[in-house]
Structures are given as C-alpha cells and as structure tokens.
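Okay, so here's the structure we're looking at.
The values are calculated or read from the model by the stated rules, or taken from the named source; none is laboratory data. These numbers were taken from a predicted model, which means no experiment stands behind them. With ideal geometry, Cβ positions are generated from the backbone for all residues, glycine too; neighbour counts draw on all protein chains shown.
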Amino acid sequence: MCGLAGELRFDGERADLAAVARMMCAVARRGPDHAGSFSDGALALGHQRLSILDLSIHGHQPMVDREAGLALVFNGTIYNHPELREELRHRGHRFSSTGDTEVILRAWAEWGAECVKHFRGMFALAVWEMQAKRLWLARDRFGIKPLYYSKNAARLRFASSTQALLSAGGVDTSLDPVALHHQFTLHAVVPAPRTVLNGIRKLRRIVQQTI
C-alpha cells in the first residue's frame, strides 16, 4: 500500500504546503520507501511510496509529465498494466519505468478520464491537468483503496486516511447521525460518501474539481 495526500485551493491562494506535509506524516506508515511532493500554485500533491513494482527511482511519485501536462499520485495495483502498456506503446507512447504508475499516466494522456474504464485492479488516484487547472480523483469500482476528502469554500483536501485530514486541521468533527446509524446496523460499514464525521467524506468513484 501507499499513501497519498493533497490540497486544491479555490480562493486564489497557493496550496498550504505545511498542511500537505502534515497529511503526509500521517500516512507515512503506508509508504516507508520514498516520500515525494509536487506543487503547482493552487495545487499540491504528496505521496508516500511502498515499492512493489519497479523498485527504481523511475517509479517514484508524484509522477510528473511536463510534456503531457500531468501530475499523478496513486495507491494500488493495476493488474492489466502489461497489456495496457503494450497497447499504449502501439499508440506511440514511450515508457521509462516498468511499473503500473506510468501506465496510468500514459493512459490518462491517451484517453483522459475515460482511461479508468480500461483499468482492472484496485486503486485510488489523483491526477492534475496543468493546462486546464483541473484535478481528478478516482477510486476503483469496489472502493477497495481508501480515499477521503474534506471541502469548504476555500479548498479541497484529500488523503488516504481520515487521520491525515484531521492532522491538516479545519475539519468539522461533529458526528453524522446517519453514518452512525449505518455504523451500528450494517456490521460497522458506512457506505460512501459518508463517514462518521460530518466534515469528511469518502470518494465514491470519480470526481473533478476546477479552479
């Protein structure tokens, strides 16, 4: 497993790098092999890596392609990444790594958000489109990999754990009575998008945010 975190501002301010750093510390145990960050004005991404595929530096995240104008953080495994790699090579894409992260990046460059329909696996990811200033968050169909977010008028924050969002501060920690009802009646399962806290939600499938 890996850990990811990030912030997107809507108020014209630059992303709060200190808040993203606190979130990364909170998910550090999920990825002890490498820590990386990326910022682009209103957007900041952080990633804690557990190296499984492509143990080299070429698999480090955030993975950035300036030419395509994309930045990616990802947690999970794309099981059909070898097949997708071959298809994308036939479409003219070049690869510098052997892992599945770069396959996601090239697939996004080729198909945009529709690329998630090509993935077989478990994943939570965030993609920043630099030119459009658009952030995409996505999870696999069954929601195996965690991805939580908190949002207000000024900013959106997202992370692999609720503890990370709490460490960043500014979260409404009042209890959601509907989520509590689910917690105690559905074998401790709270369906997305709710969590037991009003200020934190779970991503369902895929969303976009533009500044």
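Data overview
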| quantity | calculated |
| --- | --- |
| Residue in the stretch 79-94 that is under 19 Å from VAL207 (Cβ atoms) and buried (at least 16 other Cβ atoms within 10 Å of the Cβ) present | no |
| Residue within the stretch 132-144 that is in a helix (DSSP H, G or I), modelled with pLDDT of 95 or more and surrounded by fewer than 21 Cβ atoms within 10 Å (Cβ to Cβ) present | no |
| Residue in the stretch 23-36 that is charged (D, E, K, R), farther than 21 Å from LYS151 by Cβ and surrounded by 16 or more Cβ atoms within 10 Å (Cβ to Cβ) present | yes |
| Filtered residue count, the stretch 51-73, keeping only those that are over 25 Å from PHE158 (Cα atoms) and in a strand (DSSP E or B) | 0 |
| Near pairs, Cβ below 6 angstrom, 6+ apart or cross-chain, from the stretch 97-117 (over 15 Å from ASP140 (Cβ atoms)) to any residue that is among the acidic types (Asp, Glu) | SER97/ASP54; THR98/ASP54; GLY99/ASP54; LEU105/ASP65 |
| Subset of the stretch 93-127 (residues that are out of contact with any His (no Cβ under 7 Å at 6 or more places or on another chain), within 16 Å of ASN80 (Cα to Cα) and of a type in the set (Lys, Arg)) | LYS117, ARG120 |
| Sole residue being polar (S, T, N, Q), part of a strand (DSSP E or B) and in contact (Cβ under 8 Å) with a residue 24 or more places away in the chain, chosen from SER167, SER150 | SER150 |
| Criterion: within 19 Å of the chain's Cα centre (by Cα) and buried (at least 18 other Cβ atoms within 10 Å of the Cβ) - qualifying residue of GLY69, GLY76 | GLY76 |
| Count - residues of the stretch 35-52 that are at pLDDT below 95 and more than 16 Å from the chain's Cα centre (by Cα) | 2 |
| Tabulated pairs, the stretch 121-140, first closer than 14 Å to SER160 by Cβ and touching a residue at least 12 places away in the same chain (Cβ under 8 Å), second of a type in the set (Asp, Glu) and not in a strand (DSSP E or B), C-beta under 9 angstrom, 6+ apart or interchain | MET122/ASP140; PHE123/ASP100; PHE123/ASP140; ALA124/ASP140 |
| Criterion violated by PHE158 - all others in (1) buried (at least 17 other Cβ atoms within 10 Å of the Cβ); (2) touching a residue at least 24 places away in the same chain (Cβ under 8 Å); (3) in a loop (DSSP other than H, G, I, E, B) satisfied | (3) |
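So that you can scan it fast, the table gives a plain yes or no per residue for (1) under 20 Å from LEU135 (Cβ atoms); (2) in contact with a helix residue (DSSP H, G or I) (Cβ under 8 Å, 6 or more places away or on another chain); (3) of a type in the set (S, T, N, Q); (4) in contact (Cβ under 8 Å) with a residue 40 or more places away in the chain:
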site: SER51; (1), (2), (3), (4): no, yes, yes, no
site: VAL73; (1), (2), (3), (4): yes, no, no, yes
site: GLY76; (1), (2), (3), (4): yes, no, no, yes
site: PRO82; (1), (2), (3), (4): no, no, no, no
